[in-house]
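Nothing in this text is a laboratory measurement; each read-out follows from the coordinates by a stated rule. As the structure is a prediction and not an experimental result, all values here were calculated from the model. Note that we place each Cβ from the backbone using ideal geometry, even for glycine, and neighbour counts take in every protein chain shown.
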Amino acid sequence: MKELDQYSKALEQYQNESSIALMPLASWDIHMTSFVKQSNKHKDALELAKLLDKLSIDADPVEALLHENAKVVVVTSPELVIEYASNNLVEMSGYLPDDVIGNTPKMFQGPATDREIAKQIRYNVEQKVPFEAVLTNYRKDNSTYECIIKGYPAFNKYGELIRYVAIEHAA
């Protein structure tokens, strides 16, 4: 145990003489969390811009929403198969984008989901009109959250529905 006492004293002496201020490890965690969020937002903006450009959809308003208040962006096919989800989906639902791509938004629904609201959303999608709704969704861990969803149809130059873009956030 004497060796440990000597080590502690040597470390204390080094810290007192050092001109380098040591930062608590927690500060790095806070920094890295923020850095990862900002990196994911940038990555999302690039991926989303490529997708929307390919579809000839104006990306500016969608990208602005992505950065505003950490909104989640989900893009589906006309059949409502998820083709894109922003990385911040994991913060809202616990799902990574790769977990949801290829599925439908029904994967977020469960017993507490209001079937009438879900039917209304489906009706609006079939009618190819924008919608706004609050729906009880389920996270990956099966806990519930109120999801505010704004859905926008995207049409090609012939007026055909090519995608649905949903902007979501937890209430």
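A few points about this structure:
- Spacing of the two label points (7 Å from each Cα toward its C-beta) at residue 43 and residue 109, in nm: 3.1 nm
- Summarising the label geometry, the points placed 7 Å from Cα in the beta-carbon direction at residue 96 and residue 5 lie 5.0 nm from one another.
- On full extension, the segment bounded by residue 120 and residue 145 gains 7.1 nm, given 0.36 nm per residue less the C-alpha separation.
- Amide H contacts of residue 155 (H built 1.01 Å from N, under 5 Å, at least 5 apart or other chain): 162
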